[in-house]
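For reference, the structure is listed below as structure tokens.
Each value in this text was obtained by applying a stated rule to the coordinates, not by laboratory testing. Because the structure is a prediction, the values reported are computed rather than measured. We place every Cβ from the backbone using ideal geometry, glycine too, and count neighbours over all the protein chains shown.
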Amino acid sequence: MNLIRRFFGSKKIDCPRCLGKGHVDWDDIKRLKKELKWMTGPCAYCEGKGKISAELPSKIAVDATYLTTDLSSKERQKLITKDEAAIKRAKEFELHIDNFIAQVEHLHFTTNIEPNEIADYFLSGQNKSEIDLKAKNQLIDYIERIIKQKTDFKTPDFKVIETYQHKEKYFIKTAKWDWLNEEQIFLVQKDDKQKNKMTTMDFWPQEMFLDADGKTKIKDYLKKLIQQYKDSDMDVPPDLDEFMIENLESLESDLSAIKIVDQPTVTNPVYEIPLSKQK
Ligand SMILES: [Zn+2]
């Protein structure tokens, strides 16, 4: 090292991956959103030193998935000097992991396959005698983490329902109704002048009206709605509980179409059965 470099050597900064600790812990992994891609251990970005040269982030991203301690120092150097082949390998590596995660999610959430069977599926190309049990268990652990992450992500924490005064109550139909077409129903009620009035509803109020069977607690009905979102592989809205409560209360007080009751209640058949099916 020449004298100039020694005194004015490249500026060092705290490692942005491990925040200067020299090792990557779960907080770092979560902060960089690498929960399914890294394990805890010595930091590969600063090589465990806690400090990096200030130029490093301009050469390689702090969250580059491929840059782990599994990488040889030769490959690391190639990445930093932006060697094309190494960059291509890094991209392929990332793609390979993303594909694996997507396959696990599909197998579990769409095809309902359990983690150990998913592991068998990925190991099916191998001879039974060649399968290392420890490696298989690690694979199962990893698959379980993928599933848990997706499940947590898909199920927000619902707070409104917890303090809702009617959460332990049930709801029943209190209006006559019939099918308008294959998708839509209408309510038949009397207006102020005792004339028949027809009312149609938006999708969700209609669903909730049709589900008003007097047998389901409101807090359990929320779980049912959550499951419907999950079954159709949709993200559960974070305010689903509030949305459900607003709709139920509006069905009760604005439309008089349902009633919230304290006990499980059998719905009057004139409200339960569509008008055209009644004798
Ligand atoms: Zn570091």
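Before moving on, here are some points about what is shown:
- 0 to 90° range, to nearest 10: angle between helix 133-154 axis and the chain longest Cα axis: 50
- Over 28 Å apart at the Cα level, from the set Lys150/Lys224; Lys173/Lys219; Lys197/Lys230, are Lys197/Lys230.
- Label-to-label distance, nm, for residues given as Thr40 and Leu133 (7 Å Cα→Cβ offset): 2.7
- Rounded Å value of the spacing that divides the Cα centres of region 100-160 and region 222-258: 30
- The chain, dipole about Cα centre (Lys/Arg Cβ +1, Asp/Glu Cβ -1), debye to the nearest 20: 1280
- Legend: distances between Cα atoms for Lys169/Lys190; Lys11/Lys34; Lys37/Lys217; pairs beyond 30 Å are Lys37/Lys217.
- Sites Lys12 and Thr69 - FRET efficiency at Förster radius 30 Å, r taken between beta-carbons, to 0.05: 0.90
- Net charge contributed by nearby residues that have their C-beta within less than 13 Å of Lys167 (K/R +1, D/E -1): -2
- Site pair Lys195 and Ser276 shows an inter-label distance of 2.4 nm when each label is modelled 7 Å from Cα along Cα→Cβ.
- C-alpha long axis of helix 240-253 to longest principal axis of the chain, angle in °: 10
- Out of every Cα-Cα pair that the chain contains, those further apart than 31 angstrom amount to 55 percent.
- Viscosity 1.002 mPa s, 20 °C: Kirkwood-radius Stokes-Einstein D of region 161-277 over Cα pairs, µm²/s: 144
- Cross-link reach list, lysines versus Lys82, counting only Cα pairs under 16 Å and skipping chain neighbours closer than eight places: Lys59, Lys74, Lys91
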